[in-house]
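Student: Can you read through this structure? Questions will come right after.
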2 protein chains.
Amino acid sequence: MTITGELLIGLENRRGGNSQLWGVEATSGERLQPGFGGAELGDLEDACALAASSFDAYRETTPDDRARFLERIADNILAIGDELIERCMAESGLPRARVEGERGRTVGQLRLFASVLRDGGYLDIRIDKALPERTPAPRPDIRLRHIGLGPVAVFGASNFPLAFSVAGGDTASALAAGCPVIVKAHSAHPGTSELVGRAVQNAVRDCGLPEGVFSLLFDSGRQISQALVADHRIKAVGFTGSRGAGTAFMQIAASRPEPIPVYAEMSSINPVVVFPKALAARGGEIGRDLVAALTLGAGQFCTNPGLVIVLEDSGYAAFTASLADTLKQSQAATMLTPGICKSYRDGIEALEANPFVKMIAKGAPGNNFQGQAAAFETDAANFLAHKELHEEVFGAATLVVRCATVGELRAVVSALEGQLTISMHADEGDYEEARRFIPLFERKAGRLILNGFGTGVEVCHAMVHGGPFPATSDSRATSVGSLAIARFLRPVSYQSFSSKLLAAELTEENSCDSQCGRDSEL
Amino acid sequence: MTITGELLIGLENRRGGNSQLWGVEATSGERLQPGFGGAELGDLEDACALAASSFDAYRETTPDDRARFLERIADNILAIGDELIERCMAESGLPRARVEGERGRTVGQLRLFASVLRDGGYLDIRIDKALPERTPAPRPDIRLRHIGLGPVAVFGASNFPLAFSVAGGDTASALAAGCPVIVKAHSAHPGTSELVGRAVQNAVRDCGLPEGVFSLLFDSGRQISQALVADHRIKAVGFTGSRGAGTAFMQIAASRPEPIPVYAEMSSINPVVVFPKALAARGGEIGRDLVAALTLGAGQFCTNPGLVIVLEDSGYAAFTASLADTLKQSQAATMLTPGICKSYRDGIEALEANPFVKMIAKGAPGNNFQGQAAAFETDAANFLAHKELHEEVFGAATLVVRCATVGELRAVVSALEGQLTISMHADEGDYEEARRFIPLFERKAGRLILNGFGTGVEVCHAMVHGGPFPATSDSRATSVGSLAIARFLRPVSYQSFSSKLLAAELTEENSCDSQCGRDSEL
């Protein structure tokens, strides 16, 4: 497949007339060819008009039609072969094994949503049959299903060029829900985006779907992104990225004549809480495992453990010694973009210069495009007094907060903002205390982990990749796992409908049994 | 029970020190005693602090505990007896049968949510068991449940002093979800509010629950309402009322340091679309039934049919003649408050003065506190050209829009804002055309009704009382029926948890079978 640098507007490919942008080789900072023409407002208009006009036809395809469409996207992505892997490695600096693994995850997500569609439970079909004899008034027949919200804007994420980008979890779940998708590609990986975008576009053609189901836009600035969120035909937004951009989208969406939901995953330092018995029994092991989680993917996961809160005990020295030893042996790793690397280095410098923080250790130094892992230490009082220590440093940096008492531990956790994950390390002897903390952890995070770390987000039914603000814009949602489809659905009731007018899934013959439908006589 | 005019702050009753307000006899405009002391910010602070401190303990009561609490509230409301009915009749002007019916509905809703709690399906328990042998990486055990969002602010509605007020659907569903509730009483029925509030307060005491689970505030102005929505301890808002107040709350909620969801039900004219075969066959009948729906409860239902869009055919004359005849015989009815009556009269006057609108008929005139039903007529071109004709006139007023062609009908429906309901009157010969309109209707409304009207909102599993903005602030939600509980829940995952730390509902022994839990091997 040749990368052309074109916009994909439905089935049409056209060169954007706005400022060009280029992919950049992450390991060298050098421009990759070709240049990508930035979209103009007219291109956005065409994509939105196509999406809006295809919505009704697309959402009334059968769930099996859409399942086959998602599977075709997966097949088409695999069919690109090594070209996709190599371009993605070049643009992201991620190693081959990670990129191949991420491709597997992306394909797996598409197939997961195909299975969700075939299962049908996502429709939450509810049937309340008529009660003509009821007094004082009869009850009419009422049936409920969920339908797609409308065209969805998806923003590619820098740190998952495949799994959270053009055909990532947001796109897969929105398409499954019956919503056309307009993707604004992340400028960190335009070539990867075009390749995947063409795989989706070809699947639209292969499956004979209305062309407006998918469009892909490039833009070097903010104009297209902001106009996309503001466009009246867009009914929801999926975003993974910075807190600044996410909250800006939330503001735009809330200020529209018709406000719409924004699902923004933004900022999380993923606290790790170490309880005393676990610390005493295996402080060294926890320190070592922490470094493994911290440095995975150059620390560029949303679930990277950026904060470790330790209730001090005899194992603390072993913990920090092991943490320091392991960290010093860690290699520097190429970061996603020179800009992200610069931000990381600035963040580390700020921590080094902070008088309330002490360096524990640093990993091996690297070149200008590589992040050097780092661990710092402070105490509860200083952490509570200095809000800048609560902020995410995107990359392999972590801060250990020493708490002398349970009261300090509670104060530190209570002071945290919303998180994607909270991990706790606890042995049986800690359980009584841990149990008292769980309600607080639940209020602070979308996923709690025992004796592990938040990195490694399973794509499954029980996953919540979400959490209270500012981890995400909407704690009621997850962006990973089968429940992610619920973000793009709304319920509709049909009262006293003739079976000749009901959607197939709502008719007696097709309605599933009591396992997934609710058939009640209140 | 004596009405004291006090605020209920947890289990404490205290007189508010802010400006007093009084209930008003709807039929005469006369003040009812006693006066209610308005809440000060210190009272709000106390209520919020109590709610926040009770949240963890309350949400970890068992579902059965909460079910018994809801049933106790229902019993306590019934135990007030005729005092509640009479006070509510006085404050609302609604007739006895309606108030008694609404009490039954209120009690029924509380019991519905008790059954939802015992069923357990609302938790959406999902269990992905560990796959220790999986390659390349094992899968950990991951389990999901839903927990309450946190303390919820509920605003009583003027038009349902029982079913959408202190212990109405918002309160019942939030309490079921495990969320403490702070109610700001509607100033149209403070006495009714206090009586019901004491029933809830007594149930809190009877069931030995933490006192912060419920508080009730009065305020004659906007200060307390706005501060309540802005308070950092409040995590969601339930509201039924005007578009102005609802959108103001949406703005406050979106501008908080931590934005929160607002479930506001605001404005709907509930279009009724009459297709030609139905019009020809039974135009007279439709006109007669329309008046019955229109004048129900003095037209003060959220689902009142304020717009009738007719695709003209031979039955049009019979339709308008029957509409006019029936309407002329309708009695004027006392409206909820003198202010609502004044607004209604202003709305009717504006329609009478509108040169693009023709009066069809008016009901019998009434006194100063009564609304006189009215029906008007315009054509598609004028309706499309004059946006003021799309606005809700709260009360028994309706506007008939004549469409000469299917194209005009589509243009008129397409121009509508979001609605709670769309009714269509269609005979078999209309089905082919109706089928083409259904996708458009689905995009415009939360509930579609065939050959009926939106009034009469069943409390059941399949009900959607919601719809696209501005019908509500959030089309993903319903405020009536068992699905309403989902508004106040968020998912949380537990990874690799010891059964000793898991909530009871997530353990192997207690997890329900595949009917409500998802146990998968992806």
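Student: In square nanometres, what is the average projected area of the Cα convex hull of the stretch B:289-375?
Tutor: The orientation-averaged projected area of the Cα hull of the stretch B:289-375 comes to 5.8 nm².
Student: I would also like to ask the following. Which value at 222 nm does chain B reach when only helices count, each DSSP H run of 4 or more adding -39,500 (n - 2.57), with the total divided by all residues and rounded to the nearest 500 deg cm²/dmol?
Tutor: -12000 deg cm²/dmol
Student: Once the label point is placed 7 Å from Cα along Cβ, list for A:R410 the distances to the corresponding points in the other copies, in nm, shortest first.
Tutor: 6.5
Student: Please enumerate, by chain and number, the aspartates and glutamates with C-alpha under 18 Å from the C-alpha of A:K358, excluding those fewer than 8 residues away in the same chain.
Tutor: Cross-link targets: A:E312, A:D325, A:D346, A:E349, A:E377, A:D379, A:E388, A:E391, A:E392.
Student: Now, a different point. Express the relative contact order of the stretch A:224-323 as a whole percentage, based on alpha carbon pairs under 8 Å and six or more residues apart in sequence.
Tutor: Computed value for the stretch A:224-323: 28 percent relative contact order.
Student: Let me ask another. With every protein chain kept in the model, how would you rank B:L311, B:L296 by accessible area, 1.4 Å probe, largest at the top?
Tutor: B:L296, B:L311
Student: Give me the lysines in straight-line cross-link reach of A:K500: C-alpha distance below 19 Å, same-chain residues under 8 apart excluded.
Tutor: Within reach: A:K129, B:K277.
Student: Length gain on complete extension for the stretch B:A49 to B:A350, per 0.36 nm per residue less the alpha carbon to alpha carbon distance? If you can, show how the numbers build up before the last one.
Tutor: Values: separation 301, 0.36 × 301 = 108.36 nm, distance 4.68 nm.
Contour length minus Cα-Cα distance gives 103.7 nm.
Student: Test of understanding: what is the full-extension gain from A:R205 to A:D64, defined as 0.36 nm times their sequence separation minus their Cα-Cα distance? Mind dumping the intermediate values first?
Tutor: Details: separation 141, 0.36 × 141 = 50.76 nm, distance 1.67 nm.
Contour length minus Cα-Cα distance gives 49.1 nm.
Student: How much accessible area per residue does the stretch B:272-450 have, in Å², with a 1.4 Å probe?
Tutor: It amounts to 36 Å² per residue over the stretch B:272-450.
Student: Convert each backbone phi in the stretch A:205-216 into a coupling constant with the Karplus relation 6.51 cos²θ - 1.76 cosθ + 1.60 (shift: θ = phi - 60°), then list the ³J(HN,Hα) values in order as whole Hz, x for Gly and Pro.
Tutor: Result, rounded to whole Hz: 5, 4, 8, x, 8, x, 5, x, 4, 8, 9, 10.
Student: For the stretch A:450-455, take each phi angle, set θ = phi - 60°, evaluate the Karplus expression 6.51 cos²θ - 1.76 cosθ + 1.60, and give the result in whole Hz per residue in order, putting x for glycine and proline.
Tutor: Listing the rounded values in order: 9, 6, x, 9, x, 4 Hz.
Student: How far, in nm, would the chain grow between B:K328 and B:E133 when pulled straight, counting 0.36 nm per residue and subtracting the alpha carbon separation?
Tutor: The B:K328-B:E133 span can extend by a further 62.4 nm.
Student: Put a label point 7 Å from Cα along the Cβ direction on A:A381, then list its distances to the equivalent points in the other copies in nm, shortest first.
Tutor: 8.1
Student: Treating the angle as unsigned and between 0 and 90°, give the value, to the nearest 10°, between the Cα long axis of helix A:96-119 and the longest Cα principal axis of chain A.
Tutor: It is inclined by approximately 40 degrees.
Student: Still on this structure, please answer the following. How many angstrom lie between the Cα centre of the stretch B:208-263 and the Cα centre of the stretch A:1-34?
Tutor: Value for the Cα centre distance between the two parts: 47 Å.
Student: When the dipole is taken about the Cα centre of the stretch A:271-450, and only Lys, Arg (+1) and Asp, Glu (-1) are charged at their Cβ, what size is it in debye, to the nearest 20?
Tutor: Using only the charged Cβ atoms, the result is roughly 280 debye.
Student: Counting alpha carbon pairs within less than 8 Å and at least 6 residues apart, what relative contact order, in whole percent, applies to the stretch A:271-450?
Tutor: Relative CO of the stretch A:271-450 lands at 28 percent.
Student: With a 1.4 Å probe, how much accessible area is buried between chains A and B, both sides summed, in Å² to the nearest hundred?
Tutor: 6500 Å²
Student: Related question: Using Stokes-Einstein with the Kirkwood hydrodynamic radius over Cα pairs, what translational diffusion coefficient do you get for the stretch A:426-468 at 10 °C and a viscosity of 1.306 mPa s, in µm²/s rounded to a whole number?
Tutor: 136 µm²/s
Student: Once phi is turned into θ = phi - 60°, what whole-Hz ³J(HN,Hα) does the Karplus curve with 6.51, -1.76 and 1.60 give for every residue of the stretch B:69-77, x standing for Gly and Pro?
Tutor: Per-residue couplings from phi come out as 4, 5, 5, 5, 4, 4, 4, 5, 5 Hz.
Student: Would you rank B:S475, B:S499 by solvent-accessible area, highest first, keeping every protein chain in place and using a 1.4 Å probe?
Tutor: Values: B:S475 25, B:S499 80 Å².
I get B:S499, B:S475, largest accessible area first.
Student: Moving on to the next point. Of all the Cα-Cα pairs you can form in the stretch B:272-450, what percent are over 27 Å apart?
Tutor: Above the 27 Å cut-off, the stretch B:272-450 has 21 percent of its Cα pairs.
Student: Inside 10 Å of the C-beta atoms of A:423-436, what's the mean count of C-beta atoms belonging to other chains?
Tutor: Mean partner shielding for this stretch: 1.
Student: Computed FRET efficiency, Cβ-Cβ of B:Q226 and B:A385, R0 30 Å: what is it to the nearest 0.05?
Tutor: That gives a FRET efficiency of 0.25.
Student: Okay, next question. Just to confirm my numbers, what's the Cα centroid distance between the stretch B:287-318 and the stretch A:286-325 in Å?
Tutor: If you average the Cα positions of each part, the centres end up 68 Å apart.
Student: First compute the accessible area of the stretch A:247-365 with a 1.4 Å probe, then give the percent of it belonging to carbon and sulfur atoms.
Tutor: About 57 percent, which is the carbon plus sulfur part of the accessible surface.
Student: Let me ask something else about it. So how strong a dipole does chain B carry about its Cα centre when Lys and Arg Cβ are +1 and Asp and Glu Cβ are -1, to the nearest 20 debye? Could the numbers behind the result be given before it?
Tutor: On the way: 49 positive and 62 negative charges, 77 e Å.
Rounded to the nearest 20 debye, it is 380 debye.
Student: Report, for B:A292, each distance to the same residue's label point in the other copies, shortest first and in nm; define the point 7 Å along Cα→Cβ.
Tutor: Copy-to-copy label distances at B:A292, shortest first: 7.2 nm.
Student: In debye, nearest 20, what is the charge dipole magnitude of the protein assembly as shown about its Cα centre with +1 on Lys and Arg Cβ and -1 on Asp and Glu Cβ, if you could check?
Tutor: Computed about the Cα centre, the dipole is about 440 debye.
Student: Same structure again: List the trypsin sites (Lys or Arg not before Pro) in the stretch B:213-272 that DSSP assigns to loop (not H, G, I, E or B) and whose Cβ has at most 16 other Cβ atoms within 10 Å. Which are they?
Tutor: B:R222
Student: What's the FRET efficiency of A:T507 with B:E433 using the Cβ-Cβ distance as r and R₀ = 25 Å, to the nearest 0.05?
Tutor: In this case the efficiency is close to 0.80.
Student: Check which residues have an amide H placed less than 5 Å from A:H461's amide H, if you skip close sequence neighbours.
Tutor: It is A:S482, by chain and number.
Student: Please list the non-local residues whose amide H lies under 5 Å from the amide H of B:I449, H modeled 1.01 Å from N, same-chain partners needing a gap of 5 or more.
Tutor: The answer is A:Q495, B:I422, B:S423, B:M424.
Student: By how many degrees, between 0 and 90 and to the nearest 10, does the Cα long axis of helix B:41-59 differ from the longest principal axis of chain B?
Tutor: 60 degrees
Student: For helix B:243-255, report the angle its Cα long axis makes with the longest principal axis of the Cα atoms of chain B; keep it between 0 and 90° and round to the nearest 10°.
Tutor: 30 degrees
Student: In peptide A:149-159, how many Cβ atoms from other protein chains are near each Cβ within 10 Å, on average?
Tutor: Values: counts 4, 3, 0, 0, 0, 0, 0, 0, 0, 0, 0.
Mean inter-chain Cβ contacts per residue within 10 Å come to 1.
Student: Going by the rotation axis that takes chain A to chain B, pick out the residue of A with the closest C-beta and quote the gap in whole Å.
Tutor: Closest Cβ on chain A to the axis mapping it onto B, in Å: A:A254, 2.
Student: So, in Å, what gap is there between the alpha-carbon centers of the stretch B:450-489 and the stretch A:417-475?
Tutor: 32 Å
Student: For A:I269, what residues show an amide H to amide H distance below 5 Å, using hydrogens built from the backbone and excluding near sequence neighbours?
Tutor: A:L420
Student: So, one more: Within the stretch B:42-71, list the GluC sites (Glu not before Pro) lying in a DSSP loop whose Cβ has at most 16 other Cβ atoms in a 10 Å radius.
Tutor: Those satisfying the criteria are B:E60.
Student: When only C-alpha pairs under 8 Å and at least 6 residues apart count, what is the relative contact order of the stretch B:1-159, in percent? Spell out each step's value before the answer.
Tutor: Values: 173 pairs, mean separation 30.0, N = 159.
In percent, rounded to a whole number, it is 19.
Student: Now for a separate question. Bin width 20 Å, alpha-carbon pairs only: give the P(r) of chain B as whole percents, running from 0 to the bin holding the largest distance.
Tutor: Reading the bins upward from 0: 22, 50, 25, 3.
Student: Principal axes first, then extents: for the Cα atoms of the protein assembly as shown, list largest minus smallest coordinate on each axis, whole Å, largest first.
Tutor: Principal axes ranked by extent give 90, 65, 47 Å for the Cα atoms.
Student: At most 14 other Cβ atoms within 10 Å and a DSSP loop assignment: could you name the trypsin sites (Lys or Arg not before Pro) in the stretch B:406-508 that fit?
Tutor: For trypsin sites (Lys or Arg not before Pro) across the stretch B:406-508 that sit outside H, G, I, E and B with at most 14 neighbouring Cβ atoms in 10 Å, the list reads B:K500.
The values are calculated or read from the model by the stated rules, or taken from the named source; none is laboratory data. In this text, all values refer to a predicted model and were calculated from it rather than measured experimentally. Cβ coordinates were reconstructed from backbone atoms using ideal geometry, including for glycine residues, and neighbour counts include every protein chain displayed. Surface areas here come from the heavy atoms of the whole protein model, side chains and all, with no ligands, DNA or RNA. Shrake-Rupley method; radii C 1.70, N 1.55, O 1.52, S 1.80 Å.
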